[in-house]
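> Please see the structure below; I have some questions.
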Amino acid sequence: MNNILFLRGAQHDKINLFSKLTHQLNKRDIECTNLTFDIIEEYLYNCHNIETLKVSDIKVDHFSEFNKYSSKEMNNIIYFEEKFNEKVFGQSNKDKLIKITKCFMEKLKELDNLYSYDAFLMWNNNFLFDRIAYYYAKKNNKDIFVIEQGSFRPFTLAIDKKGVNFESSIPKTSEFYKNLNFDKQLYNSFLETPIKATKDKTKYYNNNLYKIMVYLNICKKVISGGYLEPNYINFFTNLVSKLINNKKNKLKNKITNNQSINFNKRYIFVPLQVETDSQIIFFSPSIKDMEELVVKVSEKVKEYNNKFNDNIDVIFKSHPKDSRVDLYELKNKVNKYQNSYLIVKGNTKKYIKNSELVITINSTVGIEALIEKKSVITLGKSFYNIEDIVLHCSKIKLLPEYIKKALEESVNQELIERFLFYLRFIYFKEIYWKNSDIKSISKLVDFITE
């Protein structure tokens, strides 16, 4: 391997990781091109003494690369951005997204002709520019390294040559894990704690300056009508939700302190997820928003109780990072069901531990539940949809039967431990990726260059 292209870093923690990887790759005589899409990324890379290439400086005067892709492939490339914009703004400009896609494809081709890249490295592969590069790499026989934070947080990282989450290379057959070499002592000692990874506490940038630059960049893009990435939209909306004393904040204590919830009674725990996340947009074919999740699960728990003469509750917990969800509306939906409740605060692990089972679309909470040896029912596509590890209910109408099965059958504890062992000690890389130490970075580079 001689040459790697780094795609969009966007945020300070990811560019911190990309920069450290770049320095270590350079020491092994591997050239790196670090693309920047705005002044924020230039500033952050500059703090690490990394030379960058502005995407705006790559000039193209013809378009031919896009002809290699079918209309289905083009639609898949823009799918996440299209659905994200529809959820956030109520509309999406498909023609504009296609135009951006064609232009960036051609810029990748120009760069590739100049540098003959061996591999592309990106954080996730769902945002538009990363998705374009992901498809370009596959179409042009380039290696791909897709990065995402691991399930054991904050000290694990996924880096996959195929994709992440449901698109990852994680084996999805129980037979694989039955035959896995399993170190019980290692599992018991370090499943939820790092073995060697440490934090680098060095501050590489000015946080206040960084925030100001982000705000100014958002304003500039909005005023000019330029393309604004979901990363920055989320940054801005989360800021607004913190600054404004909105109805969510007013309702929190009322919901959290609801004395009608009896936590000593048997209950099913259901974590809500971020509606604009790729886990919902890409990998949840039957449930597209949290109101739908609350209503459908409440209905089916009610049906289960009536059909099987039970009286189990269901407790929904809102996601702390989803400021767009209308908690008033969710609360009203929940109040229509005798056995349904909504909470917004509290220790998720405690709720999992005291529950009878966990129902999730495809949240990382499902992994937390497996750690506690809880029965898990998934409603969406997930990398842990593995027979004898979780129950995957693809048809919501069958959920009452799945609940009955989950409550009556004991979990396959040994198989679950083997699966978790594979994730923690084989698949995920141990690293505090936001503040990574050099030894952990070097091990990551070993994997990239092997």
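> For the pair residue 404 and residue 426, how long in nm is the line joining their label points, each one 7 Å along Cα→Cβ?
Those two pseudo-labels are separated by 3.7 nm.
> Also, quick follow-up: I need the peptides 40-53, 65-78, 120-133 ranked by packing, meaning the mean over residues of other C-beta atoms within 10 angstrom, with the highest value on top.
So the peptides 40-53, 65-78, 120-133, ranked by packing, come out 120-133, 40-53, 65-78.
> Expected output is a single nm value to one decimal: the length gained when fully extending between residue 96 and residue 437, i.e. 0.36 nm times separation in residues minus the C-alpha distance. What is it?
The residue 96-residue 437 span can extend by a further 118.7 nm.
> Sequence gap at least 6, Cα distance under 8 Å: using those rules, report the relative contact order of the chain to the nearest whole percent.
18 percent
> Hey, another quick one. About its Cα centre, how strong a charge dipole does the range 245-425 have in debye, to the nearest 20, once Lys and Arg get +1 and Asp and Glu get -1 at the Cβ? Present the calculation step by step, with values, prior to reporting the outcome.
Details: 31 positive and 22 negative charges, 154 e Å.
My answer is approximately 740 debye.
> Using a/c under 1.5 as the rounded threshold, could you call the range 393-450 rounded, prolate or oblate? The axes a ≥ b ≥ c are square roots of the C-alpha gyration tensor eigenvalues, and prolate needs a/b larger than b/c, oblate otherwise.
prolate
> What is the list of residues in the range 421-444 whose amide nitrogen lies under 15 Å from a point 7 angstrom out from the Cα of residue 181, following Cα to Cβ?
Residues passing the 15 Å test: 422, 425-427.
> Okay, moving on. Mind listing the phi-derived Karplus ³J(HN,Hα) values for the range 95-107, rounded to whole Hz, using 6.51, -1.76 and 1.60 with θ = phi - 60°, and x for any glycine or proline?
Those phi angles translate into 4, 5, 5, 5, 5, 4, 4, 4, 5, 5, 4, 5, 5 Hz.
> Of 435, 421, 375, whose Cα points farthest to the positive end of the dipole of the chain (charges on the beta-carbon: +1 Lys, Arg; -1 Asp, Glu; origin at the Cα centre)?
375
> Compute the signed sum of charges (Lys and Arg +1, Asp and Glu -1) over the other residues within less than 15 Å, Cβ to Cβ, of residue 172.
Around residue 172, the charge tally is -1.
> How would you classify the range 133-215 from its alpha-carbon gyration tensor, with a ≥ b ≥ c the square roots of the eigenvalues: rounded for a/c under 1.5, else prolate if a/b is greater than b/c, otherwise oblate? Walk me through the numbers on the way to the answer.
Details: a/c = 3.11, a/b = 1.24, b/c = 2.50.
The shape class here is oblate.
> Right, something else. Non-local amide H neighbours of residue 319 (under 5 Å, H modeled in plane, Pro and chain starts lacking H): which ones?
Sorted by chain and number, the residues that satisfy this are 272.
> Follow-up question, since we're still on this one. Can you give the convex hull volume per residue for the Cα atoms of the range 254-346, as a whole number of Å³? List each step's numbers first, then the result.
On the way: hull volume 9.1 nm³, N = 93.
With only Cα atoms used, the range 254-346 gives 98 Å³ per residue.
> DSSP beta bridges in the chain, what fraction antiparallel, as a percent rounded to 5?
Around 20 percent antiparallel, to the nearest 5.
> What's the percent breakdown of Cα-Cα distances in the range 245-425 across 5 Å bins, shortest bin first?
For the range 245-425, the pair-distance distribution reads 1, 8, 18, 22, 22, 16, 9, 4, 1, 0.
> Taking the Cα centre of the range 3-149 as the origin, how large is its charge dipole in debye, to the nearest 20, when only Lys and Arg (+1) and Asp and Glu (-1) carry charge on their Cβ atoms?
Roughly 380 debye, rounded to the nearest 20.
> Go ahead and collect, in residue order, the members of the range 434-450 whose backbone nitrogen is under 13 Å from a label point 7 Å along the Cα-Cβ direction of residue 13.
Within reach of a label on residue 13: 434-436.
> Helix-derived [θ] at 222 nm for the chain: sum -39500 (n - 2.57) over DSSP H runs of at least 4, divide by residue count, nearest 500?
-14000 deg cm²/dmol
> In addition: Determine one quarter of the surface area of the Cα convex hull of the chain, which equals its mean projected area, and express it in nm² to one decimal.
22.6 nm²
> To continue, here is another question. Could you give each residue of the range 160-169 its phi-based ³J(HN,Hα) in whole Hz, using Karplus coefficients 6.51, -1.76, 1.60 with θ = phi - 60°, and x for Gly or Pro?
Result, ordered by residue: 10, 7, 10, x, 10, 6, 5, 8, 6, 8 Hz.
> Using the beta-carbon distance between residue 354 and residue 198 and R0 = 30 Å, what value does 1/(1 + (r/R0)^6) give for FRET efficiency, to the nearest 0.05?
Rounded to the nearest 0.05, the efficiency is 0.35.
> If you don't mind, there's one more thing I want to ask. In whole angstrom, how far apart do the alpha carbon centroids of the range 153-185 and the range 300-316 sit?
After rounding, the separation between the Cα centres reads 34 Å.
> Sticking with this one: To the nearest 20 debye, what is the magnitude of the charge dipole of the chain about its Cα centre, counting +1 on the Cβ of each Lys and Arg and -1 on the Cβ of each Asp and Glu?
That gives the chain a dipole magnitude of about 1400 debye.
> Could you state the per residue volume, in Å³, of the convex hull enclosing the Cα atoms of the range 3-149?
Hull volume normalised by residue count: 118 Å³.
> Give me the angle, in degrees from 0 to 90, between the Cα long axis of helix 12-27 and the longest principal axis of the Cα atoms of the chain, rounded to the nearest 10.
Taking the Cα atoms of the chain, the angle to 12-27 is about 50 degrees.
> Still on this structure, I have one more. When the Karplus curve 6.51 cos²θ - 1.76 cosθ + 1.60 is applied with θ = phi - 60°, which whole-Hz ³J(HN,Hα) does each residue of the range 280-290 get, with x for Gly and Pro?
Karplus values, whole Hz, x for Gly and Pro: 8, 5, 8, 10, 10, x, 9, 10, 10, 8, 6.
> Calculate, for residue 64 and residue 1, the FRET efficiency according to 1/(1 + (r/R0)^6) with r their C-beta to C-beta distance and R0 30 Å; round to the nearest 0.05. List each step's numbers first, then the result.
Values: r = 27 Å, r/R0 = 0.91.
Calculated value: 0.65.
> Which distance in nm do the two modelled labels at residue 321 and residue 71 give, with both placed 7 Å along the Cα-to-Cβ direction?
3.6 nm
> Check cross-link reach from residue 178 to the aspartates and glutamates: straight Cα distance under 16 Å, and skip same-chain residues fewer than eight apart.
387, 388, 414, 417
> Would you mind classifying the range 264-310 by shape? Square roots of the alpha carbon gyration tensor eigenvalues, ordered a ≥ b ≥ c; an a/c under 1.5 is rounded, otherwise it is prolate if a/b is larger than b/c and oblate if not.
Here the range 264-310 falls in the prolate category.
> Right, another one. As a footprinting exposure proxy, order 391, 186 by other Cβ within 10 Å, with the fewest listed first.
The most exposed by this proxy come first: 186, 391.
> From the alpha carbon gyration tensor of the range 326-450, can you work out the equivalent ellipsoid semi-axes (sqrt of 5 times each eigenvalue) and give them in Å, largest to smallest? Present the calculation step by step, with values, prior to reporting the outcome.
Numbers: eigenvalues 214, 80, 35 Å².
Its equivalent ellipsoid spans semi-axes of 33, 20, 13 Å.
> Under the 0.36 nm per residue contour assumption, what length would be gained going from the current alpha-carbon distance of residue 26 and residue 57 to full extension?
So the chain would gain 8.8 nm between residue 26 and residue 57.
Readers should treat all values here as calculations from the given coordinates under stated rules, not as data from a laboratory. If you're wondering where the values come from, they're calculated on a predicted model, not measured in any experiment. For neighbour counting, all protein chains shown are included, and Cβ atoms are generated from backbone atoms with ideal geometry for every residue, glycine included.
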